[in-house]
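FYI, it's all coordinate maths here, none of it is from the lab. Computed from a prediction, not measured in an experiment: that's the story for all the values here. When we count neighbours, we look across all protein chains shown, and the Cβ atoms used for this are built from the backbone with ideal geometry, even at glycine.
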Amino acid sequence: MPFRHLLVPTDFSEPANHALRYAMEEATLHNARVTLLHVQPSDAGTDVYYVSGAQAAGAGFDLVAGGRLGTPPMPEPTVIRRDYSDEALTKLRDLVPEAGRDTWQVALGVGRPADAIVRVAQDRHVDLIVMATHGRTGLEHVLLGSVAERVVRMAPCPVLTVRRTGEAKPQRDG
């Protein structure tokens, strides 16, 4: 079954980068388009900071006029803007291989990762999702759950989960 459109969710972790390498191979093998996706929390926004410079030395004395000089004005504050969406888009674009500039797209999702991944897969008519699994087990798995597990259960298409422990063994779940 040839895949025409792959979705590769990433959290920019090493396991996600490992899954991306699998996606590159699949995309090359099937001559498929790829959408690289990062999901941000709903409350991710833009942070704005105002940084003021130090006020110049205090009032001086004017020898000619014989009096104190007024207080110099405060310098305009520098505005520093940190936009998490812009940062994520830049990181996504940096992951796109040079050879894939024409067939790869980047996208941002918002909300719970599994829900956003499935929504993007449906909206873009994706044929295969290639994603990492972090391999959490025990209490950590119970408390944090597994995004990959939820995507496998809800996805409208097959999901290739890639685990990075020693020798990675891809599994196709449909």
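Key figures for this structure:
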{"read-out": "Contour excess over end-to-end distance, with Cα ends at His125 and Val96 and 0.36 nm allotted per residue", "value": "8.4 nm"}
{"read-out": "Theoretical FRET efficiency, 1/(1+(r/R0)^6), r = Cβ-Cβ of Ile80 and Asp115, R0 41 Å, to 0.05", "value": "0.80"}
{"read-out": "Charge context of Ser85, other residues only, Cβ under 14 angstrom, K/R +1, D/E -1", "value": "-1"}
